[in-house]
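So the structure is just underneath, and the comments pick up after that.
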Amino acid sequence: MRVSSADFSLLERFWRDPPDRQVLPNGLTVLLKRDAAAAVAAVQVWVKTGSIHEGGRLGAGLSHFLEHLLFKGTVRRSGREIAATIQAHGGYLNAYTTFDHTVYYADLPGEHTGVAVDVLADLVLGSTLPSDEVARERDVILREIDMGQDDPDHRLGEVLFATAYREHPYRHPVIGYRDVLAGVSREDLLAYYRERYVPNNLVVVAVGAFDPAAVRELVGRHFGSAARAPLASPPIAPEPLQLSRRDRHLFEDVQLTRAELAWPIPGLTHADAPALDLVAAMLGFGNSSILWQSVRDRAGLVHTIDAQAWSPGTTGLCTIGFTCDAGRREAATAAVLRELRRCADRGFAPARVARAIRQTVIGEINARKTIAGEASRLGVAEVVAGDLDYSRTYFARLRALTAADLRRVVGTYLVPGCVTAVSINPAGSAARPAPGPGTGGPAAPADFEETAVAGGARLLTQRDARLPNLHLRLLFRGGPLYEDAARRGATMLLATLLARDTRRRSAAEVARIIEDVGGSFHPVAGNNSFGLALEVLPADLDRALDLLAEAVLAPAFVRATFETERAAQLAELQEDADDVVTFGEKRLRQRFFGAHPFAIDVNGDEAGLQALAPADLAALHRRLVVSGNAVLAVAGDCAPARLATKFARLLARLPRGRLAPAAAGRPPTAGDWVERQPRQQAVVFQAYPGPGLLAPDYYVSEVVEELCSGLSSRLFERVRDEKGLAYFVRATRIVGLETAMFCLLAGTSPERHGEVLAEIGAEVDRLRRGGLESAELDRCRARLKAAHRLGLQTNAARAMAAGLNALYGLPVNDWRNYDAHVDAVTAADVERFAQASFRPALRTQLVVQP
């Protein structure tokens, strides 16, 4: 099997610059790596403990419970001070728990790396687990469990693991079971904390723009005084060999069938792991994958289908998941099993193998796009694989694979007799045969340069040679404001079809051409714009430009593809209806915006999608895809001066024309509504009119949204930390160019939703009275600026930001001015905004409850 050595050579730069690894006298492992590509840093503490290490309390969720409690106070800091300290320095602090490890992390400006080291050491080693917080957080986690039970995808995952594993602790959910969690005491948690949170069970990872010697000294100072402790991991029961098929199928109040097929596979470091990853990629990664083409596009049995090899430790699962209409599950399952038999018998085409290898290489590159991603890769190598050189070893094994190896792993592991099949189906639907087919590093990126193009289109280019990555984003104004009121969802469907068939190539050919080189090609669409995004290696630019030109200049709108993608978009609407928060957000939009086009999001509604025809999309394409409405933003490893002619040549071929601005008037005013849903939790919403993207007060609303969100916001502290009323509480916005909806929302228990609404009202009143404190505003500004800096690490993010600025008539490089915009917002601005917008007469309130 011939594999391009050029693909693998792209990764050598990562392995040439290994991190500095040291083990302190107390057993703490430290990994440090300087990377000054962006002026940020990521500090992570990996605790080598997760839900599978809970011994005699398996199913109690001790690891996850501790994760919550460690934010509630230390010997040196109160719970509020923990988050406030990080956020005052522009950072973001959070944590997550898995089966086998727990990670506490902070992302922040590089000059404040020492703050993160200090706070994380304090949090991990010095927590006090306050007694009152144990009861409060237990209630919060119980609501989190309820939220999970309201999410069909989450439930399906729990069913899968409980069915696929009989003995291994993976069979228990990380969060634990409601009844077992209810009996967990502070003494249980404290014993587990003292046993597992010891320095010889920790790994500290820091990557970013800092002096490694200085950070090494800080780690030693803050972590080095903790004493090494005896550490005996509880025994992990091995999973017996699966000898027969296992099935579990549930029928519930959902609108769409969700199914998973799973096979046991060996763990991460097994010699067959790279082959299984490659097989999963060929089966179900991208629109040109085997199962997407055969089971979705040709047979029409599913709306979505994908595959992955999950191997976190010593054992794992290869899964194939799909969504389909009620009654098609068995036919789809049979089609998947037929494809697996064919792969075992005939193997895989060399071109498909090369494509999957390219995708895997690019996946490794993409995982390192951000500083936090780079830190996570080091954490996985050290904690999960137990080898910092794991990545190099993995790709060496991948490179050595033969065609026979790939056939062998399919025939050995993915056999029908050992499959676990689980699903959640609409209530009352019977399983029946389906109907017919239907170091240092480079400097920060420069500004985007603009090149004039004939016809009015705008070309923006920015060079960033840090990674061998190139991103193109072609954008147009569009969205709900430009759609026929009876044909909502047209923009999203148009964008989707532009990335499918052209007059020269079928959708399958388009997918294969881009995925052959490990690239990505996908639609983008939102409230105010739509377009196409391509990402490739620099050597594949011409291929990307060829595809982009065909997509916008010669789309085909093939009836069969139209029907398939419309069905998939309709299925997304059904999927949204199964999530109580998304359901409530959509109902709120309808109540708030009324007849305004923003009442329905870019995915549209069922009636509008059913009314659409290919001719409608062709007409919308002719109206919107014109030179005066186009912006092409290119960011990455390219020489703009040398390549600008190529980009400009494409834009000059667009039909000449300009798009008239759309106006839809102001949304209607207020009202209070209640929606009943068969759920276990309640979700409350309060919405008010806000400023659009082009309004003078836009950045004031940006600040107010952040003031009402985040772990250290007054609202979060009051509603979640002090009173334990809600699992989540935050603010969000739906923003147009001229108008917006500002919303506060929370997930709570049905019997306490009134208390949550009262607390939201009290916070609104505080802002209207000018109760914002200067320190609170300073922390908010710091969080926003750091989040913006962190969010612009990738070529894709910067291309999108610059492209939208140009499209909306803002300065192209206004993303550079974000800090100044935010710093200009004063407490008086916030008070004035709140008095103008947060008036009871303008409030739209919705409660979704059982």
Taking the chain and counting helices only, DSSP H stretches of n ≥ 4 at -39,500 (n - 2.57) each over all residues, the nearest-500 ellipticity at 222 nm comes to -12500 deg cm²/dmol
Amide H contacts under 5 Å for Phe251, restricted to residues at least 5 apart in sequence or on another chain and with H modeled in the peptide plane, are Asn425
Among the range 686-702, those whose backbone N falls under 19 Å of a label point 7 Å along Cα→Cβ from Arg839 are 686-692, 696-698, 701
For the chain, the per residue accessible area (1.4 Å probe, Å²) is 37
If each K or R counts +1 and each D or E counts -1, the residues other than Arg779 whose Cβ falls under 10 Å of its Cβ total -2
For Ala396 and Ala775, extending 7 Å from Cα along the Cα-Cβ vector and measuring point to point gives, in nm, a value of 5.4
Non-local residues with an amide H under 5 Å from the amide H of Glu675, with H modelled 1.01 Å from N and Pro and chain starts lacking one, are Val847, Val848, Gln849
Sorted on mean Cβ neighbours within 10 Å (highest first), peptides 486-494, 807-815 come out as 486-494, 807-815
Once all protein chains are kept in place, Thr496 shows an accessible area at probe 1.4 Å, nearest 10 Å², of 20
Cβ-Cβ cut-off under 14 Å around Thr451, Lys and Arg +1, Asp and Glu -1: the net charge is +2
Across all Cα atoms of the range 646-742, Rg and the largest Cα-Cα distance (Dmax), in Å, are 20.1, 61
Going residue by residue through the range 207-215, the Karplus relation 6.51 cos²θ - 1.76 cosθ + 1.60 with θ = phi - 60° gives ³J(HN,Hα) values, rounded to whole Hz and with x marking Gly or Pro, of 9, x, 8, 8, 8, x, 5, 5, 5
Here, Val75 and Ala404, labelled 7 Å along Cα→Cβ, have an inter-label distance in nm of 6.2
Over its alpha-carbon atoms, the range 119-178 yields an Rg and a Dmax in Å of 15.3, 40
In this structure, among Lys72/Lys723; Lys586/Lys785; Lys33/Lys369, pairs with alpha-carbon gaps over 22 Å are Lys586/Lys785
Carbon/sulfur accessible area of the chain, % of total, 1.4 Å probe, equals 52
With x for Gly and Pro, the residue-by-residue ³J(HN,Hα) of the range 514-519, computed from phi through the Karplus equation 6.51 cos²θ - 1.76 cosθ + 1.60 at θ = phi - 60° and given in whole Hz, is 7, 7, 4, 9, x, x
Distance in nm between Asp484 and Asp542 label points, each 7 Å along Cα→Cβ, equals 4.2
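The values are calculated or read from the model by the stated rules, or taken from the named source; none is laboratory data. A quick note: this is a predicted structure, and the numbers were derived from the prediction, not measured. Positions of Cβ are backbone-derived with ideal geometry, glycine not excepted, and every protein chain shown enters the neighbour counts. Accessible surface is based on the protein model in full, side chains and every heavy atom, while ligands, DNA and RNA are left aside. Shrake-Rupley method; radii C 1.70, N 1.55, O 1.52, S 1.80 Å.
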